[in-house]
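Written below as structure tokens is the structure these notes are about.
What follows is calculated from the coordinates using simple rules that are stated; it is not laboratory data. Model, not experiment: these values are computed from the prediction. Note that we place each Cβ from the backbone using ideal geometry, even for glycine, and neighbour counts take in every protein chain shown.
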Amino acid sequence: MTARIGVVTFPGSLDDRDTQRAIRLAGAEPVALWHKDKDLHQVDAVVLPGGFSYGDYLRAGAISRFSPVMETVIEQAKAGLPVLGICNGFQILTEAHLLPGGMLGNDHLHFVCREQKLRVENADTAWTADYEAGQEIHIPLKNMDGRYVADAYTLDKLEAEGRVAFRYLDVNPNGSLRDIAGITNEAGNVVGLMPHPEHAVEPLIGTGRTDGLPFFTSILKKLVNA
Amino acid sequence: MSRTPLDTVEHAAETPDVELPWAELGLKKDEYERVVEILGRRPTGAELAMYSVMWSEHCSYKSSKVHLRQFGEKAPQSDALLVGIGENAGVVDVGQGYAVTFKVESHNHPSYVEPYQGAATGVGGIVRDIIAMGARPVAVVDPLRFGAADHPDTKRVLPGVVAGIGGYGNCLGLPNIGGEVVFDACYQGNPLVNAGAIGVMRHEDIHLAKASGAGNKVILYGARTGGDGIGGASILASETFDDAKPSKRPAVQVGDPFQEKLLIECTLEAFKEKLVVGIQDLGAAGLSCATSELASNGSGGMRVTLDDVPLRDSTLSPEEILMSESQERMCAVVEPAKVDRFLEICEKWDVIATVIGEVTDGDRLEIFWHGGKIVDVDPRTVAHDGPVYERPYARPEWQDALQADDANKLPRPATAEELKAQVLKLVASPNQASKKWITSQYDHFVQGNTVLAQPEDSGMIRIDEETGLGVAIATDGNGRYAKLDPYTGAQLALAEAYRNVATTGAKPLAVSDCLNFGSPEDPAVMWQFAEAIRGLADGCLQLGTPVTGGNVSLYNQTGEAAIHPTPVVAVLGVIDDVARRTPVAFQEEGQLLYLLGDTREEFGGSAWSQVVHDHLGGLPPKVDLERERLLGEILISASRDGMIDSAHDLSDGGLIQAVVESALLGGKGARLVVPDGLDAFTLLFSESAGRAVVAVPRSEEVRFNDMCGARGLPVTRIGVVDGDSVDVQGEFALSLAELREAHEATIPALLA
Amino acid sequence: MARVVVDVMLKPEILDPQGQAVQRALPRLGFEGISDVRQGKRFELEVDGPVDEAALARIHDLAESFLANTVIEDFTVKVEEAAAEAAK
Amino acid sequence: MARVVVDVMLKPEILDPQGQAVQRALPRLGFEGISDVRQGKRFELEVDGPVDEAALARIHDLAESFLANTVIEDFTVKVEEAAAEAAK
Ligand SMILES: Nc1ncnc2c1ncn2[C@@H]1O[C@H](COP(=O)(O)OP(=O)(O)O)[C@@H](O)[C@H]1O
Ligand SMILES: [Mg+2]
């Protein structure tokens, strides 16, 4: 028996197929979910993939957040369903208030595509258990609206509670406050980050590293052992 | 409304003396007379709109056609070519049942007027050409040229163009895997924004732009039609028919990449279910082009009800609807029984789709508006029988003087110190400096199949996850070479792109091009154009790589001053397993560096002559295409047999530029020794064609040398990968840190 | 028909790099004496029917829940004078 | 100090993909009766010194040459009432 992991396709999603491939490479079964369909088809976890859903018009993630599938995702995430938001998925999670803070345009005003060094700050979430806390990894980053902002109170609280899951190292590529690259909710089932682990799962492709694969093996182990 | 009666076909026949504004629409008197002759009456306003846009230079290739024919006449025998020139894009067989389509197009002028949107819609247009062939687009490339790097207007144009290409391509989810950025004062006021795209499909999925099968429905889908990008049609509408209208509509369009992404997905889904008989994208000339091309390439005629076109602006006249270049629209021909399913798929993707007409068994294209017939033409006369000009051409009298001004006679560095200073100056010059500031604004990773992207010699995409089959593409063009000798310049562009593909280990298969020139009405420009095509066609014949399609952009000129003739050539290659791709970066210390090919004193048009002397004169490097082919074979074999770990082709900037790039990318230095028979200056800066530098593991040294020897390729050991500097023994050493600073700081300093 | 305008600006404490980029460019363009620039969004909504209290309240809700993300942005809603007058 | 606002909107005949996306989402959010949405930019400029005719003329030039691309965009310049009053 393996785990079924849903990947939502919104209009304008780009990395849905790549995310399905990463899930397959990790040994789990990817299940395509459609934004207009409220039904999650009994998946054990959900990934909201990267892309430009609705063209990132209005604000990145703002329109997708109101799609039918998100009604169910929001409800079930609150009940413990593991949810990972990558890039545009992270933006959707903040717009849906499943994660605190918001995402704004990069401080340098350009799209940025680079291989980014990160530190895994929290290796206890559903999606990071296969990392060591403090582990440094390299993962592709590509975004226009990657600047994480929140008020000082929220930032302090996130840090105090160990909910900053990933931090940028060496270069802060978008002006995110306190170098935050990704965060988790209190329960650790909902995680969002800007960099793209699904693009770092095969040697040869992209930057040629596989530092992103543990995201998908983490969740698989958790679900299979559960 | 005080609108005069609808200008129907009937009305036109009854009112032969009505004067139409053909001149304002860009038609010549004899062209208008031909329209009248073809129709046997004066055209209606709508017919005139169609003829005028379809017979424009851009759509009819009236000045270039007579020369472009050579690509067909001299086409090499090639089993790989599945669809050749004449369709939206050519299609090449890459094995294992896969076919690849690719093409380059220009969006030069709009990008000068509105850099972001001009460039963005350029990407949008070329991607629709790829979808229209039945393929899923998998990558884009963007050969660009701008005015002088330090000109204030470059600071307006370049960031906008780059943001536009990125904004559109990134949002479509297409990795950008290659291109060029060249600065030269000659492009001031006429930047060149060329965009290329590649798509992949199975052989059986190839689709063509033709409407056949009487009764089949014509479906327009995608964005609503608006008043943008109409240009001349509004003149027709306002001055002839309705004086109350705004007399000018903007010639620039705003792109909606999100809409195009939906268009891609819904089109591919329709292809998958075999719902589409024929398909055409709407680009230049909009519906005029799509309907007349679909109808003329098919077996029957076509009837279209223009009232059914979904509009964004209800005040548009029928002429404007026919000429509108609103983006993100496609036209499909679908059997009646499959129409419902087609519309369902469109609805799934929130794409507006409307049946606007049907294929008839006649041979006329008939278009109706408010119940009246406003177009009744033989579609071939619109789409294919446009005027053809044999424009006069003549070698300009300044050509001899230019060639006589020999760059080989320029003063050379006298001391090692001077040589070193010139090396630093070269790698820091805008044309040779790192383009990371630009390329980091493009997504290279999306789709998860990118094997190589900037700054590799060619971009490479995996197309089959199981077998590792992949394709590579490189685009090149050197306007300086082409100015010195357009025939040779075009062949050098071809040779360089071919070499770039082979350097990464892929086998070059086919060519697309984008020919950017000044005004065809200038005989000197026309001569450059004719020479460039002759050179390219001869070269493709010799290399066995057919030209599968391309684009011509003329009138890139301000007043008397034309741009350098700039043929941009894209070469597509195939690699059976991407695992054996050869990267540019030095991989391991101790590996031996070999220079392949012959180095001669060739400085005409060189980067050195530009950077150090601000000079353009003499002859460009010689071309030896047999040598290029041999070099390519060696590079591919060496990759297949694991004999080399990195390779970099030599082109502008010569050997030193290539070595510095490999060193910086790999974070490993090199010790170079000047071989016997060459001086350091020539070794470092000459731009002789047909060369590459490879890094050979010591264990492969004998085997590699034997292979080159057996096949007769000159090979010279020039050093070793080593340390953290580039050290030319007996001359100078430059630390990687110093080189990196010089190479990477230039562009951000100019643009950020 | 009337036009309602919703202006959305970043909260004052949040960095506005776009506004800053404009401001930094000003001296180059020969403009002095502008001490701060902020860039935000303007939405023009064409409303069918009368723009009464109830309609405005609904647009206020729309702005709050959708047009602005109030974690990072402030907004204002107003009936456009010009359009309102022209409509008379 | 006074605030001058420059509003930049796409010309009416030019496609506004952002505004369209917003409009298309409205029914899903339960908002009816809005027949068109256009999205543009709002620049708030804090001007040192008096906003007299000359200053406004200069800002007009700025808007025309830099803040807007008049090939595809229209703009308006106005002194902000609220800010102007608050400044009294
Ligand atoms: N420079 C060229 N070299 C080869 N083929 C060309 C060239 N220019 C145009 N063509 C071919 O002529 C045909 C018409 O070109 P074009 O009008 O650009 O196509 P589209 O209508 O798809 O935009 C295409 O098949 C194109 O590939
Ligand atoms: Mg086409």
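To keep it simple, each residue is scored yes or no on (1) touching a residue at least 40 places away in the same chain (Cβ under 8 Å); (2) on the phi > 0 side of the Ramachandran plot; (3) buried (at least 20 other Cβ atoms within 10 Å of the Cβ).
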site: B:Gly518; (1), (2), (3): yes, no, yes
site: B:Glu521; (1), (2), (3): yes, no, no
site: B:Phe529; (1), (2), (3): yes, no, yes
site: B:Asp538; (1), (2), (3): yes, no, no
site: B:Gly549; (1), (2), (3): yes, yes, yes
site: B:Gly559; (1), (2), (3): no, yes, no
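For every residue, the table says whether it meets (1) within 11 Å of chain B (Cβ to nearest Cβ); (2) touching a Gly at 6+ places or on another chain (Cβ under 7 Å); (3) of a type outside the set (Ser, Thr, Tyr).
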site: D:Val6; (1), (2), (3): no, no, yes
site: D:Glu13; (1), (2), (3): yes, yes, yes
site: D:Val51; (1), (2), (3): no, no, yes
site: D:Ala54; (1), (2), (3): no, no, yes
site: D:Asp61; (1), (2), (3): no, no, yes
site: D:Ser65; (1), (2), (3): yes, no, no
site: D:Thr70; (1), (2), (3): yes, no, no
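For region B:480-511, the tally of residues that are surrounded by 24 or more Cβ atoms within 10 Å (Cβ to Cβ), within 16 Å of ligand 1 (Cβ to nearest atom) and in a helix (DSSP H, G or I) stands at 8.
Of the residues that sit in region A:35-56 and are part of a loop (DSSP other than H, G, I, E, B) and of a type in the set (Asp, Glu), which one is nearest to the other protein chains (Cβ to nearest Cβ)? Don't jump to the end; show me each part of the working.
Initial filter on region A:35-56 (part of a loop (DSSP other than H, G, I, E, B)): A:35-44, A:49-50, A:52.
Subsequent filtering for residues that are of a type in the set (Asp, Glu) retains A:37, A:39, A:44.
Values: A:Asp37: 11, A:Asp39: 16, A:Asp44: 23 Å.
Per the stated criteria, the residue is A:Asp37.
Scanning region B:512-527 finds one or more residues that are in a strand (DSSP E or B) and within 24 Å of B:Ala692 (Cα to Cα).
Across region B:168-190, the qualifying residues are those that are within 14 Å of another protein chain (Cβ to nearest Cβ) and of a type in the set (S, T, N, Q), and the one among them that is farthest from B:Thr504 (Cα to Cα) is B:Asn170. Out of A:Glu198, A:Glu121, A:Glu202, one residue alone is crowded, with 21+ Cβ neighbours inside 10 Å, touching a residue at least 60 places away in the same chain (Cβ under 8 Å) and acidic (Asp, Glu). It is A:Glu198.
Among the candidates A:Gly105, A:Gly101, A:Gly85, which residue alone is within 12 Å of chain C (Cβ to nearest Cβ), within 21 Å of A:Glu161 (Cα to Cα), touching a residue at least 24 places away in the same chain (Cβ under 8 Å) and of a type outside the set (A, V, I, L, M, F, W, C)? Quick ask: steps written out before the conclusion?
Details: A:Gly105 fails: within 21 Å of A:Glu161 (Cα to Cα); A:Gly85 fails: within 12 Å of chain C (Cβ to nearest Cβ).
Matching residue, one of A:Gly105, A:Gly101, A:Gly85: A:Gly101.
Test B:Trp22 against the criterion of being surrounded by 23 or more Cβ atoms within 10 Å (Cβ to Cβ), touching a helix residue (DSSP H, G or I) at 6+ places or on another chain (Cβ under 7 Å) and among the aromatic types (Phe, Trp, Tyr), and give yes or no. Taking the combined requirement at face value, the residue does not satisfy it. Applying the set (1) surrounded by fewer than 16 Cβ atoms within 10 Å (Cβ to Cβ); (2) more than 7 Å from every other protein chain (Cβ to nearest Cβ) to C:Gln23 leaves exactly one unmet item: (1).
The helices (runs of 4 or more DSSP H) falling completely within region B:39-108 that include 2 or more residues that are within 16 Å of ligand 2 (Cβ to nearest atom) map to B:45-54, B:57-60. For region B:132-161, residues that are within 16 Å of ligand 2 (Cβ to nearest atom) and either touching a His at 6+ places or on another chain (Cβ under 9 Å) or more than 21 Å from B:Gly196 (Cβ to Cβ) (or both) total 4.
It is to be established whether one or more residues within region B:435-444 are out of contact with any strand residue (DSSP E or B) (no Cβ under 8 Å at 6 or more places or on another chain), within 29 Å of B:Leu750 (Cα to Cα) and surrounded by fewer than 24 Cβ atoms within 10 Å (Cβ to Cβ). Yes: one or more hits.
A quick yes/no check of all residues on (1) closer than 25 Å to B:Ala185 by Cβ; (2) of a type outside the set (A, V, I, L, M):
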position	(1), (2)
B:His564	yes, yes
B:Asp598	no, yes
B:Val611	yes, no
B:Lys622	no, yes
B:Leu631	no, no
B:Ala638	no, no
B:Leu650	no, no
B:Val674	no, no
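For region A:176-225, how many residues meet the condition of being within 14 Å of the chain's Cα centre (by Cα) and of a type outside the set (Phe, Trp, Tyr)? Talk me through it step by step, then tell me what you get.
Kept after step one, since they are within 14 Å of the chain's Cα centre (by Cα), are these residues of region A:176-225: A:180-185, A:188-200, A:212-216, A:218-219.
Checking the rest, the ones that are also of a type outside the set (Phe, Trp, Tyr) come to A:180-185, A:188-200, A:212-214, A:218-219.
Qualifying residue count, region A:176-225: 24.
Filtered by the rule that a residue be out of contact with any Gly (no Cβ under 6 Å at 6 or more places or on another chain) and not in a loop (DSSP other than H, G, I, E, B), region B:570-586 gives B:Val571, B:Leu572, B:Gly573, B:Val574. Exactly one residue among B:Ile38, B:Ile85 is surrounded by fewer than 19 Cβ atoms within 10 Å (Cβ to Cβ) and within 12 Å of ligand 1 (Cβ to nearest atom), and that residue is B:Ile85. The residues of region B:92-109 that are crowded, with 22+ Cβ neighbours inside 10 Å and over 15 Å from the mean Cα position of the chain (by Cα), listed by number, are B:Val92, B:Val94, B:Ala99, B:Val100. Would you confirm whether or not region B:678-691 contains a residue that is part of a loop (DSSP other than H, G, I, E, B) and free of Cβ contacts under 8 Å to residues at least 60 places away in the same chain? Yes: region B:678-691 contains one or more residues that are part of a loop (DSSP other than H, G, I, E, B) and free of Cβ contacts under 8 Å to residues at least 60 places away in the same chain.
Close Cβ contacts (under 6 Å, 6 or more residues apart or on different chains) running from residues in region C:1-20 that are closer than 16 Å to A:Gly102 by Cβ to residues that are small (Gly, Ala, Ser) and assigned to a strand (DSSP E or B) comprise C:Val8/C:Gly40; C:Met9/C:Gly40.
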